[in-house]
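A.B. asks: Attaching a single structure in structure tokens format; questions to follow.
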Amino acid sequence: MANYKWNQLSEIYTEPEGILNKGTTLFIKITCDKPVDELNTQILKSVLNDWMYPYRGKDIKPFKLMEFTRVESELKVRLLFKTKNTEEDELKLLLQDILNFLNSDHISVNEINAMIDN
């Protein structure tokens, strides 16, 4: 059985300062413990482009992917909030999904930094 290291989002995530609203652009930097390969990069780009979450019987697509780059062990993401739910932290939901995906392929994440990019 594989030995996985599951990172805790609360231990590695730095939240953006300020208020997140519809129209807010976020820059997110994810630093991993080893390089992310091309296959995982393509999968993550697809996830970021199409990610949704269920809310009150509907699938909500809160973000538009503006930019995604990978340089060795760093992922850089720019997202635009298309909608903003006041009852759910959809950014944390997305980041938890990304974290779980990377961890499931034995890629540990050292830190995730998010900042408002307006």
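A.B. asks: Tell me, what ³J(HN,Hα) does each residue in region 65-80 have, in order and in whole Hz, if you take phi through Karplus 6.51 cos²θ - 1.76 cosθ + 1.60 with θ = phi - 60° and put x for Gly and Pro?
C.D. replies: 3J(HN,Hα) across region 65-80, in whole Hz: 6, 9, 7, 8, 9, 10, 10, 6, 9, 10, 10, 10, 10, 10, 10, 10.
A.B. asks: Another question, if that's okay. Taking 0.36 nm per residue of sequence separation and subtracting the Cα-Cα distance, how much length would be gained by fully extending the chain between E72 and K58, in nm to one decimal?
C.D. replies: Separation in residues times 0.36 nm, less the Cα-Cα distance, equals 1.4 nm.
A.B. asks: Can I ask one more? Show the residues, 5+ positions off or on another chain, whose built amide H is closer than 5 Å to the amide H of E111.
C.D. replies: Amide H to amide H, under 5 Å and 5 or more residues apart or across chains, E111 pairs with T31.
A.B. asks: Can you give the extra length, in nm with one decimal, that the chain gains between N103 and D50 once fully stretched, where that is 0.36 nm per residue apart less the Cα-Cα distance?
C.D. replies: 17.1 nm
A.B. asks: Still on this structure, I have one more. Among DSSP beta bridges whose residues both lie in the chain, state the antiparallel percentage, nearest 5.
C.D. replies: Details: 25 of 27 bridges.
Antiparallel bridges: around 95 percent, rounded to the nearest 5.
A.B. asks: Continuing with the same structure: Tell me, what HN-Hα J-couplings in whole Hz come from the Karplus equation 6.51 cos²θ - 1.76 cosθ + 1.60 at θ = phi - 60° for each residue of region 105-115, using x for Gly and Pro?
C.D. replies: The phi angles translate into 9, 6, 10, 7, 10, 7, 7, 10, 10, 10, 9 Hz.
A.B. asks: Among the listed pairs K22/K76; K34/K61; K34/K58; K58/K92; K29/K58, give every one whose C-alpha distance is greater than 26 Å. Before the final figure, lay out each step's value.
C.D. replies: Values: K22/K76 21 Å; K34/K61 30 Å; K34/K58 37 Å; K58/K92 19 Å; K29/K58 29 Å.
Beyond 26 Å: K34/K61; K34/K58; K29/K58.
A.B. asks: Find the accessible area per residue for the chain; the probe is 1.4 Å, ligands and nucleic acids are left out, and the unit is Å².
C.D. replies: Ligands and nucleic acids excluded, the figure is 59 Å² per residue.
A.B. asks: How about region 50-118: which trypsin sites (Lys or Arg not before Pro) there are in a DSSP loop, with at most 14 other Cβ atoms within 10 Å of their Cβ?
C.D. replies: R56, K82
A.B. asks: Got a number for carbon plus sulfur as a percent of the chain's accessible area, 1.4 Å probe?
C.D. replies: Answer for the chain: carbon and sulfur cover 48 percent of the accessible area.
A.B. asks: How fast does the chain diffuse by Stokes-Einstein, in µm²/s, taking the Kirkwood radius from C-alpha pairs at 20 °C and 1.002 mPa s?
C.D. replies: Translational D for this selection: 146 µm²/s.
A.B. asks: Further question on the same structure: For D117, what accessible area in Å² do you get when you roll a 1.4 Å probe over the heavy atoms of the protein chains, rounding to the nearest 10?
C.D. replies: About 70 Å², rounded to the nearest 10.
A.B. asks: Let me ask you something else. Among the aspartates and glutamates, which have Cα under 14 Å from the Cα of K45 when same-chain residues fewer than 8 positions away are ignored?
C.D. replies: In chain and number order, the partners are D37, E67, E74, D97.
A.B. asks: Could you give the dipole magnitude of region 50-112 about its Cα centre, charging the beta-carbon of Lys and Arg +1 and that of Asp and Glu -1, in debye to the nearest 20?
C.D. replies: Values: 10 positive and 12 negative charges, 74 e Å.
Result for region 50-112 is approximately 360 debye, rounded to the nearest 20.
A.B. asks: In region 15-118, what GluC sites (Glu not before Pro) fall in a loop by DSSP, with at most 15 other Cβ atoms inside 10 Å?
C.D. replies: Listed in order of number, the matching sites are E17, E72, E87, E88.
The values are calculated or read from the model by the stated rules, or taken from the named source; none is laboratory data. None of these values were measured; they are calculated from a predicted model. We place every Cβ from the backbone using ideal geometry, glycine too, and count neighbours over all the protein chains shown. Side chains are part of the model used for accessible areas, which takes the heavy atoms of the whole protein and leaves out ligands, DNA and RNA. Shrake-Rupley method; radii C 1.70, N 1.55, O 1.52, S 1.80 Å.
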